[in-house]
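Novice: Just dropping this structure here.
Read-outs: derived from the displayed coordinates by stated rules, not from any lab. As the structure is a prediction and not an experimental result, all values here were calculated from the model. Positions of Cβ are backbone-derived with ideal geometry, glycine not excepted, and every protein chain shown enters the neighbour counts.
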Amino acid sequence: MKTKRKISAGLDSLDTVISKGKANIENTGGTAAKAKRGRGRPRSKVKKVQCPFYLPEDVVRAISDNCRGNKSVFAEDVFKFYFDKNGIEY
């Protein structure tokens, strides 16, 4: 069993450390081979972003009472209804 590791003398140079690395370049473009399908049901392809904001207590209570379990879906439905009603593109 070895107790000491070999340390090369050229570790002081950043270029030496970078040149000895074994990094692979990831290709995430559309021309890459199709990825293997994962387990479970297919997920929605719509990109979603979390957007926290402050609301009055009575509005939060109304959302909790009427959300049917998922507040994000309820908020999405309300916003879509409002945007459609007022002719706002989204």
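Novice: Loop only per DSSP, at most 14 neighbouring Cβ atoms within 10 Å: give me the GluC sites (Glu not before Pro) in region 30-90, ordered by residue number.
Specialist: Answer in residue order: Glu89.
Novice: Work out how much length Ser64 to Phe83 would gain on full extension: take 0.36 nm times their residue separation and subtract the Cα-Cα distance, in nm to one decimal.
Specialist: Using 0.36 nm per residue and subtracting the Cα-Cα distance, I get 4.7 nm.
Novice: Simple spin-label model, 7 Å along Cα-to-Cβ: Phe74 to Val49 in nm?
Specialist: 2.5 nm
Novice: Determine the alpha carbon to alpha carbon distance for each of Lys48/Lys71; Lys48/Lys85; Lys45/Lys85 and list only those over 19 Å.
Specialist: Lys48/Lys85; Lys45/Lys85
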